[in-house]
Every structure is written in C-alpha cells, then in structure tokens.
1. Condition (residue is assigned to a loop (DSSP other than H, G, I, E, B), farther than 30 Å from ALA161 by Cβ, of a type in the set (A, V, I, L, M, F, W, C) and in contact (Cβ under 8 Å) with a residue 60 or more places away in the chain) applied to region 282-304: is it met by at least one residue?
2. Return the residues of region 231-253 that are in contact with a Lys or Arg (Cβ under 8 Å, 6 or more places away or on another chain) and without any contact (Cβ under 8 Å) to a residue 40 or more places away in the chain; say none if nothing qualifies.
3. Is there a residue in region 67-79 that is of a type in the set (A, V, I, L, M, F, W, C), surrounded by fewer than 19 Cβ atoms within 10 Å (Cβ to Cβ) and within 29 Å of ILE311 (Cβ to Cβ)?
4. Mind telling me which of the residues ALA263, ALA280 ends up being of a type in the set (Gly, Ala, Ser), in the same structural domain as MET412 (by TED's automatic domain parsing) and buried (at least 20 other Cβ atoms within 10 Å of the Cβ)?
5. Answer yes or no as to whether LEU139 is of a type in the set (A, V, I, L, M, F, W, C), within 24 Å of PHE405 (Cβ to Cβ) and not in a helix (DSSP H, G or I).
6. Of all residues in region 175-198, count the ones that are without any contact (Cβ under 8 Å) to a residue 60 or more places away in the chain and touching a helix residue (DSSP H, G or I) at 6+ places or on another chain (Cβ under 9 Å).
7. In the set ARG349, ARG312, which member is surrounded by 15 or more Cβ atoms within 10 Å (Cβ to Cβ), in contact with a helix residue (DSSP H, G or I) (Cβ under 6 Å, 6 or more places away or on another chain) and not in a helix (DSSP H, G or I)?
Amino acid sequence: MVSDASRPRQVAVDLMGDVLDENRLLSEVMARRLERLGPEERARAQRLVLSALRSMDRADRMLGPHLKKRPVPRVMNILRLGVAEICAEGAPAHGVVNSAVEIARATRRTTPMSGLVNAVLRKVALDSGKWGMLPVPRLPKWLRKPLIADYGKQVVEEMEAAHYAGAPLDLSAKEKPDVLAEKLGANLLPTGSVRMANTGQISRLAGYSEGDWWVQDAAAALPAIVLAAQPGERVLDLCAAPGGKTMQLITTKAAVTALDISASRMARLSENLTRCGMQADIVVADLLEWEADAPFDAILLDAPCTATGTIRRHPDLPYAKDGSDFPGLFELQEHLIDRALGQLKPGGRLVYCTCSLLIDEGEEQIRDALARHPGLTVDREALKVPGVDTAWIGDEGGMRLRPDFWADRGGMDGFYIACLRKPA
C-alpha cells in the first residue's frame with residue numbers, strides 16, 4: 001500500500017503498464033483504474049499518465065546515461081513518470097523522488113530496485129536543465145514511416161511538435177458560441193468552436209449542468225458543418241457515439257437518427273442528449289446489416305479508423321497499437337461508404353470523415369468510392385465554410401486537417417472530410 005498522496009502516481013504507473021506492456025488503449029482501462037480515486041485524484045492521475053506518455057522519448061534520453069541496463073518494465077515506468085514530473089512539469093524533485101521510491105517498495109518484485117529509483121531520479125533532477133535541449137519526441141517507426149511517405153519529413157516533424165504540445169479543450173455551443181466564449185473567458189475560433197486553455201474539472205465549468213455545450217475538438221466539429229443539415233431534413237448520423245455530431249445536427253432542426261453498433265457507447269450518447277435537453281431517434285445496430293425504412297436526405301459517416309489524428313490528446317495510441325489492424329479498417333471503411341450510399345436518397349449528400357492522418361483512410365477512400373460508383377461526385381462547394389482555409393482542400397475534393405494547423409491557436413485534431421453527392 002502507498003500513502004494517499006502517492007495514489008494518483010501509482011495509478012498513473014499502472015496505466016502506463018497497461019499501455020506499454022499490455023498494448024491496451026487508455027480508453028479501455030482508464031475507468032477501471034480510476035474508480036478507486038476521488039474526482040481530483042482522478043484528474044491528477046490522468047494528467048500524469050498523459051504527460052509521461054507524451055514525453056516518454058525525452059524521458060528515456062534523460063534516463064539513458066544513468067542506467068547500465070534497462071530495469072524491469074514497472075520500474076522503468078516509475079522512472080519515466082518521475083522524469084516527466086520533474087522535467088516536464090517542474091514538480092519539486094524531493095516529493096517526486098520520495099513518492100517514486102514508495103511506489104517501488106509497494107510491490108515485492110520492485111522493492112529491491114527502490115534504491116535505484118532513488119539514485120537515478122536524484123541524478124536526473126540535477127540534470128533537469130538539459131530537458132529543453134532534447135529533440136521533440138518522435139512517433140514510433142511503424143507510424144512515422146508511412147506518414148513521412150504521405151507528407152514528407154518536415155511536415156511530420158511539425159505534427160510531432162503539435163503532438164508534444166498537447167491539446168486545449170474545445171467546446172461546441174448549443175447556441176450562440178460567441179456568448180458562451182465570453183461567459184467562459186475563452187477564445188472563439190474562426191469555425192465557431194470555443195477554445196479554453198486551463199479548465200480543471202470539466203463538469204464544474206459554467207453551463208455544463210445546464211447543457212449549454214459539449215466537449216468536441218474543433219476539427220471534429222467541422223463534418224456536421226459541412227453536411228449543412230436543413231430544418232425538416234431526415235438526417236442519419238452513423239457511428240454516432242458519443243454524440244457530439246448528433247447534437248450539432250439536432251441544433252439545425254433536422255430530424256436526426258443516430259446509429260452505432262455499441263450499446264455502451266450509445267448509452268453515453270443518450271446521457272449527453274439528456275444533459276443538453278435534446279432528442280434523436282437512437283438505433284443500436286450494425287450498419288452492414290441495418291436497413292432504414294426510407295432513404296435519408298443527408299448522412300454523416302464518421303467511420304471507424306486508426307484515430308491517428310487524435311494523438312495530441314491520446315498519446316497512448318502510438319504505443320498501444322502497431323498498425324497490424326489497419327488493413328482491416330481500410331476494408332471496413334469501403335463497406336461502410338457503400339452501405340451509407342445505399343441509405344441515401346438520389347441527389348442526397350454523404351459526408352465521409354475519419355479522425356486519421358493516413359491517406360489510405362481519406363483521400364484514397366474517396367478516389368476508390370468514385371471509381372466504384374459511377375455518377376457519384378465530390379461536392380467541393382460544401383467545404384466552403386467560415387474559417388476553412390482553401391489550402392486544406394486536396395485535388396480529389398476533400399478537406400485534410402492536420403495537428404500542426406493553427407499552431408498559434410493550439411492546433412487541431414487530424415481529420416479528413418469529404419462531401420459526396422449521389423446522382424439524381
């Protein structure tokens with residue numbers, strides 16, 4: 001057992017083990033690990049593990065000169081967490097070192113190495129001035145290599161800098177985003193999202209319990225804007241959970257159906273709708289098998305993908321994944337596009353999007369869809385929305401968003417968005 005003060009750090013070390021040793025995503029294990037902590041401790045443990053994963057490459061460089069050989073994984077993660085706190089966050093070394101030693105002593109296998117933890121972290125603290133001179137952490141080779149092939153080395157380095165910088169908190173307003181930005185003392189982005197820097201506990205922010213807003217990255221808010229649903233239209237939101245895009249569509253006064261294969265994720269969508277005082281037709285089903293009673297005027301398909309565009313908010317992803325499941329996702333996206341087009345009225349529009357940086361999940365999917373469906377066209381005009389730079393629109397007619405865009409404003413998630421028109 002460790003002291004109450006060390007519990008958030010211990011949970012952060014546990015979470016690092018889940019990601020680095022068990023190849024689990026934080027989203028899969030976070031809730032179970034955090035349930036033994038109070039609200040403030042949960043926020044701290046989450047912040048610590050994200051910081052440690054985001055700066056792990058730098059931490060390993062700091063540790064290298066002080067380790068004759070790499071210790072067992074848990075001890076290595078204790079050291080990495082300690083380095084991140086001391087060097088990246090500027091926490092007082094004395095408290096960090098004592099807590100790290102306590103965590104090492106709490107497990108029989110790592111107790112004999114508590115002296116090593118103490119000695120190494122004290123040496124790192126003396127060298128902490130070197131931290132800022134170290135290179136920006138790189139993506140693992142399995143992901144870095146295909147991204148360089150798609151974008152070039154310089155662009156990938158700019159993305160890596162954005163990943164290391166982390167992500168601010170973006171909100172979508174139920175109505176009047178300018179009023180919400182003023183109320184929260186936040187910035188209003190050109191696309192209408194409200195951006196906050198230091199937030200603390202999200203549920204304590206003004207307007208949360210009243211349902212005035214929901215959390216949604218600025219890039220993730222663009223697909224629904226591109227779809228431009230109109231009052232009275234029948235609109236289908238596919239792969240809808242946790243519901244940010246669904247709520248955007250509801251604000252247009254369209255008749256919205258939200259579909260997702262996951263019952264647990266749709267429960268979260270229902271909770272979000274209830275908090276915001278909204279209603280939609282909720283369907284838990286597999287799109288590959290589901291048939292609508294009647295075709296829709298417009299469809300938004302946020303397809304399952306590698307999520308490589310969200311690394312600045314989810315630094316665990318490059319370490320929990322290795323790319324082996326990517327081909328299956330590419331094939332699934334093709335099938336989902338075909339099924340979605342089958343649920344669409346003649347002349348209707350389909351917005352396809354993925355929170356991915358990989359060309360195979362964006363530009364190539366659109367080119368392939370056009371080849372499979374004679375008469376299908378790309379609606380470039382739909383991408384002309386406030387705040388969108390025309391340089392983001394590619395030759396194939398889709399919008400490519402990258403984490404290094406808006407670097408002076410805090411960046412954005414990587415996304416791909418295209419609007420397809422079914423022949424009339």
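1. The answer is yes; a qualifying residue exists.
2. Correct list: PRO231, GLY232, ALA241, PRO242, GLY243.
3. yes
4. Step by step, each of ALA263, ALA280 is checked, and only ALA280 is of a type in the set (Gly, Ala, Ser), in the same structural domain as MET412 (by TED's automatic domain parsing) and buried (at least 20 other Cβ atoms within 10 Å of the Cβ).
5. Judged against the criteria, LEU139 is a match.
6. 5
7. ARG312
Yes/no per residue for (1) buried (at least 19 other Cβ atoms within 10 Å of the Cβ); (2) farther than 16 Å from ASP413 by Cβ; (3) at pLDDT below 95; (4) not small (Gly, Ala, Ser):
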| residue | (1), (2), (3), (4) |
| --- | --- |
| ALA162 | yes, no, no, no |
| GLY166 | no, no, yes, no |
| ASP170 | yes, no, no, yes |
| ALA173 | yes, yes, no, no |
| VAL179 | no, yes, no, yes |
| GLY185 | no, yes, yes, no |
| LEU189 | yes, no, no, yes |
| ARG195 | yes, no, no, yes |
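The values are calculated or read from the model by the stated rules, or taken from the named source; none is laboratory data. Because the structure is a prediction, the values reported are computed rather than measured. A quick note on method: Cβ atoms are made from the backbone with ideal geometry, for glycine too, and the neighbour counts reach across all protein chains shown.
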